[in-house]
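The structure appears below as structure tokens.
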Amino acid sequence: MGKLIDLISRLKENRYLEPEEFVTLLNGLEENPEDASFLQHEARETALHHFGKDIYIRGLIEFTNFCRNDCFYCGIRKSNLNAVRYHLSKSTILECCRIGYDLGFRTFVLQGGEDMSYTDHAMTDIIASIRRAYPDCAITLSVGEREKATYQEWFDAGANRYLLRHETADPEHYRKLHPMRLRSEHRMQCLRDLKSIGYQTGTGFMVGSPFQTTEHLAKDLQFIHKFEPEMIGIGPFLPHSETPFKNCAPGSMQRTLHLISILRLMRPNALIPSTTALGTIHPEGRELGILAGANVVMPNLSPLDVRKNYLLYDNKICTGEEAAESIDKLKERICRIGYRIVTDRGDYKKGDV
Ligand code: SAH
């Protein structure tokens, strides 16, 4: 048996490889498309076994692009003085949920920069209002690093899930992507806090971020193996013209697809989105992500007039479409590759692996 085939088979069986083996696999896949097809096939079969042809949808509400942070890769970093800043009121957020609910969404994802004008209690009030209006829906938060007590308060108010990508599991690499104030250790602590409170917790990283090596990616996979997140979001790094990384090369789509497949074999029942960044780097990126083992898509529910302002990277797709239009197009695309979008909260299911 070929060396890569052997590694893929062992990955499938043990759900893990040693970091050096991940490096061999990731580098080998770049040069061996047949082995990459085998990996993809195994990952797709695994996803089919657990989820069938069902693809879950999450309604993404990008409710603020104000941010106190200055991450070097991100278009809404506070030093980008050309960003047109906005934040949505509670009633606008609830209106996005209403439109989303009518379109069949049963998960709302509130994502934004670290905008402290939403105090802990203001967020609690928003979460509690959504919870009251939509008792059958999941509420996912993605608003960065806060205190454990705050995460607890939001959980008690009705939030169920939290997305906080670890970005890179290598502290030195982390320092090259973020200002000094931000610490990899603190982000990891937030992730542990979220999990211990009872959130379904999502983490992840960018593929091909500046200075990233294959060894760093092996560390990311090792971290995910140990942390056992319920959700894993990855996408290619894409440059934004108003950031220090504006001249850096984008991440590789193929490598992102390889990693989606590896993650599917590591965490067979995890919720893995085919991300907007993947759809941005290639016209069929989101379909390819699903065919590589992803099982979630996150269409945008943000009001049309603010969408073009929530730009983490250049050329982001779907900034000019109404929510209904986005979801219709997406349904058609997913259908064309033989899958279907379902109206379901799509919670993480323990066991059953
Ligand atoms: N403030 C929240 C949400 C961040 S935006 C938080 O701190 O978690 C969500 C994700 O978008 C980030 O975690 C990052 O991985 C990704 N992202 C940011 N800038 C990007 C870029 N230029 N290219 C690709 N992905 C990017």
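Can you run down the residue pairs with Cβ atoms below 7 Å, 6 or more apart or on separate chains, where the first is in the stretch 239-267 and in contact (Cβ under 8 Å) with a residue 12 or more places away in the chain and under 18 Å from TYR73 (Cα atoms) and the partner is among the charged types (D, E, K, R) and in a loop (DSSP other than H, G, I, E, B)?
PRO239/LYS246; PRO239/ASP314; HIS240/LYS246; HIS240/ASP314; SER241/ASP314; THR243/ARG77
Quick grid of which residues meet (1) among the small types (Gly, Ala, Ser); (2) open to solvent by less than 30 Å² (accessible area, probe 1.4 Å); (3) touching a residue at least 60 places away in the same chain (Cβ under 8 Å):
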| site | (1), (2), (3) |
| --- | --- |
| HIS173 | no, yes, no |
| MET180 | no, no, no |
| ARG183 | no, no, no |
| HIS186 | no, no, no |
| LEU191 | no, yes, no |
| GLY204 | yes, yes, no |
| GLU215 | no, no, yes |
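Could you run through the stretch 276-302 and say how many residues are in contact with an Asp or Glu (Cβ under 8 Å, 6 or more places away or on another chain), within 17 Å of GLU325 (Cβ to Cβ) and outside any strand (DSSP E or B)? Before you say what the answer is, go through the steps one by one.
Our first condition is that a residue be in contact with an Asp or Glu (Cβ under 8 Å, 6 or more places away or on another chain); within the stretch 276-302, this holds for 295, 300, 302.
Subset that is within 17 Å of GLU325 (Cβ to Cβ): 300, 302.
Still in the running and outside any strand (DSSP E or B): 302.
Counting residues in the stretch 276-302 that are in contact with an Asp or Glu (Cβ under 8 Å, 6 or more places away or on another chain), within 17 Å of GLU325 (Cβ to Cβ) and outside any strand (DSSP E or B) gives 1.
If we keep just the residues of the stretch 113-123 that are more than 11 Å from LYS90 (Cβ to Cβ) and out of contact with any Cys (no Cβ under 8 Å at 6 or more places or on another chain), which is farthest from the ligand (Cβ to nearest atom)?
The initial filter retains those residues of the stretch 113-123 that are more than 11 Å from LYS90 (Cβ to Cβ), namely 113-117, 119-121.
Filter again for out of contact with any Cys (no Cβ under 8 Å at 6 or more places or on another chain), leaving 116-117, 119-121.
Details: MET116: 12, SER117: 14, THR119: 16, ASP120: 16, HIS121: 19 Å.
Within the stretch 113-123, the match that is farthest from the ligand (Cβ to nearest atom) is HIS121.
Of the conditions (1) in contact (Cβ under 8 Å) with a residue 60 or more places away in the chain; (2) outside any helix (DSSP H, G or I); (3) farther than 30 Å from CYS137 by Cβ, GLU30 clears all except one; give me its number.
(2)
Out of THR150, THR168, THR213, which single residue is in contact with a Leu (Cβ under 7 Å, 6 or more places away or on another chain) and of a type outside the set (Gly, Ala, Ser)?
Answer to the check: THR168.
Test GLY320 against the criterion of being at positive phi and in a loop (DSSP other than H, G, I, E, B), and give yes or no. Outline the logic, then answer.
Details: at positive phi: no; in a loop (DSSP other than H, G, I, E, B): yes.
When the stated conditions are applied, GLY320 does not pass them.
If I go through the stretch 73-95 residue by residue, how many of them are under 20 Å from the mean Cα position of the chain (by Cα) and either open to solvent by 50 Å² or more (accessible area, probe 1.4 Å) or within 15 Å of ASN309 (Cβ to Cβ) (or both)? I'd like the intermediate steps shown before the answer.
Taking the stretch 73-95 first, the residues under 20 Å from the mean Cα position of the chain (by Cα) are 73-77.
Checking the rest, the ones that are also either open to solvent by 50 Å² or more (accessible area, probe 1.4 Å) or within 15 Å of ASN309 (Cβ to Cβ) (or both) come to 74-77.
The number of residues fulfilling the criteria is 4.
Which is within 28 Å of ARG267 (Cα to Cα), out of contact with any Lys or Arg (no Cβ under 7 Å at 6 or more places or on another chain) and at pLDDT 95 or above, of GLY52, GLY75?
On the way: GLY75 fails: within 28 Å of ARG267 (Cα to Cα).
Just a single option satisfies the conditions, and that option is GLY52.
Look at GLU42 and say whether it is surrounded by fewer than 17 Cβ atoms within 10 Å (Cβ to Cβ) and in a helix (DSSP H, G or I).
Details: surrounded by fewer than 17 Cβ atoms within 10 Å (Cβ to Cβ): no; in a helix (DSSP H, G or I): yes.
No.
So is CYS335 in a helix (DSSP H, G or I), among the hydrophobic types (A, V, I, L, M, F, W, C) and either open to solvent by 10 Å² or more (accessible area, probe 1.4 Å) or closer than 14 Å to TYR56 by Cα (or both) or not? Can you show your working first?
Working: in a helix (DSSP H, G or I): yes; among the hydrophobic types (A, V, I, L, M, F, W, C): yes; either open to solvent by 10 Å² or more (accessible area, probe 1.4 Å) or closer than 14 Å to TYR56 by Cα (or both): yes.
When the stated conditions are applied, CYS335 passes them.
Among the residues that make up the stretch 105-119, is at least one of them loosely packed, with under 15 Cβ neighbours inside 10 Å and of a type in the set (Val, Ile, Thr)?
Initial filter on the stretch 105-119 (loosely packed, with under 15 Cβ neighbours inside 10 Å): 116-117, 119.
Next, from what is left, pick out any that are of a type in the set (Val, Ile, Thr): 119.
Checked against the condition, which is being loosely packed, with under 15 Cβ neighbours inside 10 Å and of a type in the set (Val, Ile, Thr), the stretch 105-119 yields at least one hit.
Among GLY208, GLY198, which is in contact with a Pro (Cβ under 9 Å, 6 or more places away or on another chain) and either of a type in the set (Asp, Glu) or at pLDDT 95 or above (or both)? Steps first, please.
On the way: GLY198 fails: in contact with a Pro (Cβ under 9 Å, 6 or more places away or on another chain).
The conditions single out GLY208.
Please work out which residue is surrounded by the most Cβ atoms within 10 Å (Cβ to Cβ), limiting yourself to the stretch 151-171 and to residues that are more than 14 Å from the ligand (Cβ to nearest atom) and of a type in the set (S, T, N, Q).
ASN160
Would you point out the residue of the stretch 232-271, among those that are among the small types (Gly, Ala, Ser) and farther than 22 Å from ASP54 by Cβ, that is least open to solvent (accessible area, probe 1.4 Å)? Explain how you work it out, then say what you get.
First, pick out the residues of the stretch 232-271 that are among the small types (Gly, Ala, Ser): 233, 235, 241, 249, 251-252, 261, 270.
Those still in the list that are farther than 22 Å from ASP54 by Cβ too: 241, 249, 251-252.
Values: SER241: 63, ALA249: 70, GLY251: 7, SER252: 48 Å².
Only one residue fits best here, namely GLY251.
Out of the residues in the stretch 1-49 that are under 12 Å from LEU265 (Cα atoms) and among the basic types (Lys, Arg), which is nearest to the chain's Cα centre (by Cα)?
ARG44
Could you check the stretch 230-248 and list, in sequence order, the residues that are over 24 Å from ILE334 (Cβ atoms) and more than 12 Å from the ligand (Cβ to nearest atom)? I'd like the intermediate steps shown before the answer.
If we filter the stretch 230-248 for residues that are over 24 Å from ILE334 (Cβ atoms), which is where we start, we get 237, 239-248.
Answer for the stretch 230-248, where residues must be over 24 Å from ILE334 (Cβ atoms) and more than 12 Å from the ligand (Cβ to nearest atom): just ASN247.
Considering only residues that are in contact (Cβ under 8 Å) with a residue 24 or more places away in the chain, within 18 Å of HIS41 (Cβ to Cβ) and open to solvent by less than 10 Å² (accessible area, probe 1.4 Å), which ones fall in the stretch 272-290?
ILE272, GLY289, ILE290
The values are calculated or read from the model by the stated rules, or taken from the named source; none is laboratory data. What you are looking at is a predicted structure, and each value in this text was computed from that prediction instead of being measured. Every residue, glycine as well, gets a Cβ built from its backbone with ideal geometry; the counts of neighbours run over all protein chains shown. These area figures cover heavy atoms from the full protein model, side chains too; ligands, DNA and RNA do not enter into them. Shrake-Rupley method; radii C 1.70, N 1.55, O 1.52, S 1.80 Å.
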